[in-house]
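Presented below is the structure to which this report refers.
What follows is calculated from the coordinates using simple rules that are stated; it is not laboratory data. The structure displayed is predicted, hence computed values, not measured ones. Neighbour counts run over all protein chains shown; Cβ positions are idealised from the backbone, glycine included.
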Ligand SMILES: Cc1cc2nc3c(=O)[nH]c(=O)nc-3n(C[C@H](O)[C@H](O)[C@H](O)COP(=O)(O)OP(=O)(O)OC[C@H]3O[C@@H](n4cnc5c(N)ncnc54)[C@H](O)[C@@H]3O)c2cc1C
Ligand code: SF4
């Protein structure tokens, strides 16, 4: 094994790897406090010039009918959010592959290679975790508690939400804490009907999906004007994307240098001093390698990618991956299951279908209602799920007939509401990533092998997602209800977490509560790798919140001379 050692003088205080949700915040927080930061991003720079949210399909070369072309470059990425409009922001699946066992296919979608990472295309649903999540293991006996509690993170949730700009309604639920919301976008008539009836008949809360879309101007960003396709960018900067918020703030300080197209291969170390000293990266354009030195390294490359860097950084002292004396690195990969839900028809309340919008970019969210304190244990599964929902009023495309009669029938509105469950997956040792010794990407960096499959808990939860969706649609008076509850195979997800989990016990975890390596004090991993579990609420608000909190700790340690 070749161990990369280095004792060169640091050029920067901190190297941050990855400019997405976590890296954007880390570089902003550190640079605004006066630290010299190098922000290394594998992707190219992002700019307003590549935003196409107002561009019609007929102006595209292939009219966005590009499935065959994607087969040659992005067969995995093109399954979600990646279209002809924004394909260049995503990895080429053949240039940057990963492997899986034959019987455990895993679709690793949403791999971005542009400043801002996944926040360019994310769905923006922004929900707080609560102590029901952080202390779930103490309640139901499965897994480990997080090494922190809600009070520790509450002020940071406030700080992040005020800056990000989140539209939401206050509901007073302890298990889905309210936040610092901008005024709520209105619910549609169908969403209001659903909300009222589900509360009245089942006591469940369907609220506006708390979402990172502005309804008031903020920091030079305009309020949302309901054009719809946020995943193509936003010229008014009305949704939250690190590329036009946190990263430019960091650069404006003059303390942060963004190095684009910098694919980090490994972390450099001084094994004798038990410290990291910088990183080795490959320039994606020239394929040249370069070393960069710093007092501390913060990995923010996204769950699997950060762990890949650590696994590729093994030394003689850490033969199984850097900072892996616990042997936990790579294990406990989690990602939401979302293959249960339903749909039903609701009245259109006189609304007419239209091809031209406006298109509200935010739907509803049904808060968790299983395994709450004081409730009986749900049949067959621990933990819980929530639903994202959306209503639509569409043309009756399937109407029968011809000519005038068809034209008339076509205009009859078909109004429906869709629900998709997002469920917690239990952290299990066998769901993991490791380095595939046989396969490298085009930059010569060994790639990941991903092992991920559902267990009994997830299967029972998915079934309940389908059943409960039907129950709620029925309570709302919906007609022609259809539900689904499929096994989630091939396994896929966008909310990956774990593989370098936080914990109090250094023998059972990789990071402490400030996402600092137990083994190496000047090494931090501030994305969702550190999540001890993966509650059903979407993760990104908590990713950003924890990265700010951990940066404050890092700076305190630097001041105290501990780093
Ligand atoms: C379609 C879609 C919808 C989503 N919807 C939601 C939602 O509604 N709510 C929610 O909470 N979450 C949602 N997510 C998930 C959310 O986007 C992620 O949780 C979040 O962006 C993760 O932040 P991160 O900082 O860990 O990684 P990212 O935001 O992905 O940023 C990682 C960055 O690191 C860079 N990088 C990777 N490897 C290297 C390397 N070796 N060297 C240098 N740089 C590297 C990447 O290029 C990337 O820019 C969604 C994701 C997708 C794809
Ligand atoms: S819907 Fe709103 S946030 Fe999304 S792209 Fe349009 S203006 Fe921007």
Inset, instruction - Give me the number: length gained by fully extending residue 69 to residue 102, i.e. 0.36 nm times residue separation minus the C-alpha to C-alpha distance, one decimal in nm. - result: 9.3 nm
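Fewest first, what order do 439, 167, 307 take by the number of other Cβ atoms within 10 Å?
Arranged by neighbour count, lowest to highest, 439, 167, 307 become 439, 167, 307.
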Inset, instruction - State the antiparallel share, in %, of DSSP beta bridges confined to the chain, rounding to the nearest 5. - result: 70
Inset, instruction - Run the quick spin-label model on residue 271 and residue 290: label points 7 Å from Cα toward the beta carbon, then report their separation in nm to one decimal. - result: 2.8
Legend entry - Extent along principal axes [Cα atoms of the range 112-246; Å; largest to smallest]: 47, 38, 26
Legend entry - Rounded to whole Å, sorted largest first: equivalent-ellipsoid semi-axes of the range 465-517, Cα gyration tensor: 41, 14, 9
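Only helical DSSP H runs with n ≥ 4 go in: add -39500 (n - 2.57) per run for the chain, normalise by residue count and round the 222 nm mean residue ellipticity to 500 deg cm²/dmol.
-6500 deg cm²/dmol, from helical runs alone.
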Inset, instruction - Please give the helix 189-202 orientation as an angle from the longest Cα principal axis of the chain, in degrees from 0 to 90, rounded to the nearest 10. - result: 80
Inset, instruction - When you have a sec, figure out the Kirkwood radius of the chain from all distinct Cα pair distances and drop it here in Å to one decimal? - result: 24.3
Inset, instruction - Consider just the alpha-carbon atoms of the range 283-399 and return their Rg together with their Dmax, both in angstrom. - result: 24.5, 71
Legend entry - Cα-only Debye scattering, the range 393-542: base-10 log of I(q)/I(0) at q = 0.15, 0.17, 0.20 Å⁻¹: -0.95, -1.08, -1.27
Inset, instruction - Note the full-extension length gain between residue 440 and residue 55 as 0.36 nm times their separation in residues minus their Cα-Cα distance, in nm to one decimal. - result: 134.9 nm
Legend entry - Simple label model, 7 Å out from Cα along Cβ direction - residue 44 to residue 504, nm: 5.0
Inset, instruction - State whether the range 351-468 is rounded, prolate or oblate according to the following rule on the C-alpha gyration tensor (a ≥ b ≥ c being the square roots of its eigenvalues): a/c under 1.5 gives rounded; otherwise a/b larger than b/c gives prolate, and the remaining case gives oblate. - result: oblate
Inset, instruction - Please state, as a whole number in µm²/s, the translational diffusion coefficient that the Stokes-Einstein equation yields for the range 377-420 at 25 °C and 0.890 mPa s, with Rh defined as the Kirkwood radius across alpha carbon pairs. - result: 183
Inset, instruction - State, as an integer percentage, the relative contact order of the range 45-112 based on alpha-carbon contacts under 8 Å between residues 6 or more apart. - result: 31
Inset, instruction - Can you run the Rg to Rh ratio on the range 222-372? Use alpha carbon positions and the Kirkwood inverse-distance Rh. - result: 1.11
Legend entry - Approximate spin-label separation residue 226-residue 392, in nm, with each point projected 7 Å along Cα-to-Cβ: 1.8
Legend entry - Mean projection area, nm², convex hull over Cα of the range 460-563: 9.3
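Using Cα pairs under 8 angstrom and six or more residues apart, how large is the relative contact order of the chain, in percent?
22
Taking R0 as 35 Å, what FRET efficiency do you get between residue 94 and residue 219 from their Cβ-Cβ distance, rounded to the nearest 0.05? Walk me through the intermediate numbers first.
Working: r = 39 Å, r/R0 = 1.13.
Efficiency at R0 = 35 Å is approximately 0.35.
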